[in-house]
1. Quick check: is even one residue across the stretch 199-212 over 24 Å from TRP326 (Cα atoms), more than 21 Å from the chain's Cα centre (by Cα), open to solvent by 10 Å² or more (accessible area, probe 1.4 Å) and not aliphatic (A, V, I, L, M)?
2. Please verify whether VAL224 is more than 19 Å from the chain's Cα centre (by Cα) and either open to solvent by 10 Å² or more (accessible area, probe 1.4 Å) or small (Gly, Ala, Ser) (or both), treating the condition exactly as stated.
3. All but one of (1) closer than 26 Å to ASP258 by Cα; (2) open to solvent by 80 Å² or more (accessible area, probe 1.4 Å) hold for LEU349; which doesn't?
4. With the structure loaded, tell me whether LEU191 is outside any helix (DSSP H, G or I), aliphatic (A, V, I, L, M) and touching a helix residue (DSSP H, G or I) at 6+ places or on another chain (Cβ under 9 Å) or whether it fails that test.
5. Scanning for something of a type in the set (A, V, I, L, M, F, W, C), at pLDDT 95 or above, surrounded by 24 or more Cβ atoms within 10 Å (Cβ to Cβ) and in contact with a Gly (Cβ under 6 Å, 6 or more places away or on another chain), does the stretch 132-141 turn up at least one residue?
6. Please pick out the residue among LEU164, LEU154 that is over 30 Å from GLY265 (Cβ atoms) and touching a Phe, Trp or Tyr at 6+ places or on another chain (Cβ under 8 Å).
7. Counting only residues that are of a type in the set (Val, Ile, Thr) and under 23 Å from ASP327 (Cβ atoms), which one in the stretch 241-276 is most open to solvent (accessible area, probe 1.4 Å)?
Amino acid sequence: MKKLLAVLLAALLALACCSAFAEEIDADLIAAAQEEGELVVYGSCEEDYLAAATRHFEELYGIKTQYQRLSTGEVPTKIEEENGNPSADVWFGGTNNPYDEAAAKGLLDNSYVPANAAHLTKDIYKNPDGYWYGIYTGILGFMANKDELDRLGLEAPQTWDDLLKEEYKGLIWLSNYNTAGTAKLVVNTMLQMKGHDEGIQYLVDLDKNIQVYTKSGSGPSKNVGTGECTIGIGFLHDGVTQIVDNGYENIQLIIPADGTTCEIGPVAIFKGAKHPNAAKLFMEYALSPECVELADDNGSYQFLVLDNAEQPQAAIDFGLDPSLVWDGYDFAEAAANTAANVEAVINALGDAADDRFQTE
């Protein structure tokens, strides 16, 4: 009787929300998830979007949903320390490199294949072994404060090699290689584009011009408009947020002319999740227009990777076209070597950057 009531409630909720997404989801899964009654989400996207997505999920299904915002570099460390007893059920947003690291360590569950994954537009937008599925993609590039550059009599950098110029010494912000998925992507990009040893040397040389390494990948973008950071390295949609939502029209967005790469923002279930059915239901939700289109209303302007979702107009208006990224980037190589690549860069830097690596 209890299960029957749960199934009926699930059906009523699906009809009540008038959502094509909800109507497509198996009623038994909804009922099982509601019987568990709770869900805990670790989110590595921006907090406004994370809060909106989890709140909407709770409203749709009546499942108490808690979230904690952590950088993508922090999540695998936290889950690994919990030794098979994770304090969260799902991981939402961020960049895919740390997800691959977590999968390699046995921290993610690939036993569930979400039906909504059929709407992914490319195979690269999912882990080949099913450990994560993409919800958005973002372009790696530079953000520059035009007022500060004018004051200093400088032109904005147009290439990765430009960032090494003496004139930019102490003007560049990047995120911490240990804590931010954005910085891990920078490492993999440079090592793949330039070759392993040359890429490491490039990052050692770049360090001479870095003023601050922020904990989070979006840290540089949040300080460009104010002028505290003159040139930030990060995802360009974070720059769009600062222009559109915070009114910093002095920010210039730059796609490096010598090539760049993109992130894939995934969703995944933690192995040993305490609420496995709620986690599966959240996977379906995360891969639906119901969820991903909330990003545009909450200051997140990444390109969406689902064929049934409407792209954010701001990303289109600023020319952030994912087709502009370097097509030679090897996601599989990055997945296999991220940890070793980051370690090699940290070792090459020695003590040079330790006192500037922000972790709080």
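1. Yes, the stretch 199-212 contains a residue that is over 24 Å from TRP326 (Cα atoms), more than 21 Å from the chain's Cα centre (by Cα), open to solvent by 10 Å² or more (accessible area, probe 1.4 Å) and not aliphatic (A, V, I, L, M).
2. Details: more than 19 Å from the chain's Cα centre (by Cα): yes; either open to solvent by 10 Å² or more (accessible area, probe 1.4 Å) or small (Gly, Ala, Ser) (or both): no.
Taking the combined requirement at face value, the residue does not satisfy it.
3. Only one criterion in (1) closer than 26 Å to ASP258 by Cα; (2) open to solvent by 80 Å² or more (accessible area, probe 1.4 Å) is unmet by LEU349, namely (2).
4. Values: outside any helix (DSSP H, G or I): no; aliphatic (A, V, I, L, M): yes; touching a helix residue (DSSP H, G or I) at 6+ places or on another chain (Cβ under 9 Å): yes.
Spelling it out, it is not the case that LEU191 is outside any helix (DSSP H, G or I), aliphatic (A, V, I, L, M) and touching a helix residue (DSSP H, G or I) at 6+ places or on another chain (Cβ under 9 Å).
5. yes
6. Details: LEU164 fails: over 30 Å from GLY265 (Cβ atoms).
On inspection, the qualifying residue turns out to be LEU154.
7. Let us first name the residues in the stretch 241-276 that are of a type in the set (Val, Ile, Thr), namely 241, 243-244, 251, 254-255, 260-261, 264, 267, 269.
Subsequent filtering for residues that are under 23 Å from ASP327 (Cβ atoms) retains 254-255, 260-261, 264.
On the way: ILE254: 5, ILE255: 52, THR260: 1, THR261: 2, ILE264: 0 Å².
Among those that are of a type in the set (Val, Ile, Thr) and under 23 Å from ASP327 (Cβ atoms), it is ILE255.
One line per residue, one yes/no per condition, for (1) under 24 Å from TYR131 (Cα atoms); (2) under 25 Å from the mean Cα position of the chain (by Cα); (3) at pLDDT 95 or above; (4) surrounded by fewer than 19 Cβ atoms within 10 Å (Cβ to Cβ):
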site	(1), (2), (3), (4)
LEU4	no, no, no, yes
GLU46	yes, yes, no, no
ALA53	yes, yes, yes, no
LEU60	no, yes, yes, no
GLN66	yes, yes, yes, yes
PRO86	yes, yes, yes, no
GLY94	yes, yes, no, no
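The values are calculated or read from the model by the stated rules, or taken from the named source; none is laboratory data. Note that the coordinates shown come from a computational prediction; the quantities given were computed from them, not determined experimentally. No Cβ is skipped: glycine too gets one built from the backbone with ideal geometry, and neighbour counts run over all protein chains shown. The accessibility values were calculated without ligands, DNA or RNA, using every heavy atom of the protein model including side chains. Shrake-Rupley method; radii C 1.70, N 1.55, O 1.52, S 1.80 Å.
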